[in-house]
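The values are calculated or read from the model by the stated rules, or taken from the named source; none is laboratory data. A quick note: this is a predicted structure, and the numbers were derived from the prediction, not measured. Heads up, the Cβs are rebuilt from the backbone with ideal geometry, glycines too, and the neighbour counts pull from every protein chain shown.
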Amino acid sequence: MKIVVAIKQVPARDAPVRVAAGARWVDESDLTYEINEPDAYALEEALQWKEKQGGEVVVLCAGPARASQTIREALAKGADRAIHIEEDEGAASSDPLATARLLAAALQPEAPDLVLTGLQSDDLGYGQTGVILAELLGLPHATIVMQVEKQDSGIRVKRELEDGWFQHVDLPLPALLTIQSGSHKLRYATLMGIKKAKTKEIKRLTPADLSAPPGAPGVSLERIYLPERTKQTQLFEGTPKEAAAKLIEKLKFEARVL
């Protein structure tokens with residue numbers, strides 16, 4: 001079985017974030033980068049599947065040249081080879097449809113049995129790229145997946161719903177799944193894995209090589225800004241008992257801290 005895992009390089013969670021001039025994105029001059037956390041769980045799911053069922057794990061990443069560091073990390077953890085759609089620095093689109101078109105064009109020659117993506121990206125957080133990719137490839141898909149099991153006719157997945165509920169869904173193969181964070185314990189790259197990663201294949205492509213139809217952008221970032229901090233005082237009238245009841249109601253249904 002061939003499993004393709006789409007990964008993304010994003011700013012590290014503890015990196016200092018400042019709005020860039022023009023307020024269209026953040027200042028990247030002193031940022032550090034890492035693999036998108038939900039994508040790391042998608043990779044772990046693929047590697048565990050390979051250990052149990054055999055097969056090949058291919059990493060797919062669209063990003064600038066610096067993303068090769070994240071790709072090597074995925075190879076060091078156990079992926080067999082990688083495809084890097086190398087974009088110019090700062091040219092990456094914030095439109096999930098444009099990103100999905102690039103990924104779909106690179107995936108079609110691979111004909112994978114299973115495609116895994118993270119539920120969403122830590123930087124933009126749309127949660128749409130995997131679903132759009134499934135539609136472009138014509139694949140059945142499931143989202144917010146916590147567990148994947150092999151079945152005779154395909155796979156069974158466990159989806160996380162709201163309020164502690166879960167749903168089990170049977171899917172035929174090939175299929176696409178978006179993986180929820182926390183589904184497994186993430187592994188570290190071993191010294192042997194790091195050495196092997198240096199010799200593993202990374203196929204480099206450009207958007208021009210893929211001839212992916214750009215189409216009209218569906219999403220564009222017009223302005224980003226830091227949240228504004230405001231303070232507000234509210235006085236509760238009535239007896240102490242009545243005021244306490246109003247305070248509890250506010251804490252429960254507005255502040256949601258109780």
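Per-structure values
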item: Lone qualifier among Asp27, Asp95, Asp88, Asp39 - being more than 30 Å from Met192 (Cβ to Cβ) and surrounded by 18 or more Cβ atoms within 10 Å (Cβ to Cβ); result: Asp95
item: Boolean, Leu226 is of a type in the set (A, V, I, L, M), in a loop (DSSP other than H, G, I, E, B), loosely packed, with under 13 Cβ neighbours inside 10 Å and at pLDDT below 85; result: yes
item: Residue in the stretch 31-40 that is within 14 Å of the chain's Cα centre (by Cα), assigned by TED's automatic domain parsing to the domain that holds Asp123, more than 30 Å from Pro172 (Cα to Cα) and hydroxyl-bearing (Ser, Thr, Tyr) present; result: no
item: Number of positions in the stretch 141-163 that are surrounded by fewer than 18 Cβ atoms within 10 Å (Cβ to Cβ) and hydroxyl-bearing (Ser, Thr, Tyr); result: 1
item: Any hit, the stretch 135-158, residues being in contact with an Asp or Glu (Cβ under 6 Å, 6 or more places away or on another chain) and among the hydroxyl-bearing types (Ser, Thr, Tyr); result: no
item: Strands (runs of 3 or more DSSP E) fully within the stretch 1-86 counting 3 or more residues that are closer than 20 Å to Glu149 by Cα and modelled with pLDDT of 95 or more; result: 2-7, 56-63
item: Members of the stretch 170-201 that are surrounded by fewer than 16 Cβ atoms within 10 Å (Cβ to Cβ) and part of a strand (DSSP E or B); result: Asp170
item: Ala21 being assigned by TED's automatic domain parsing to the domain that holds Leu205 and touching a Leu at 6+ places or on another chain (Cβ under 7 Å); result: no
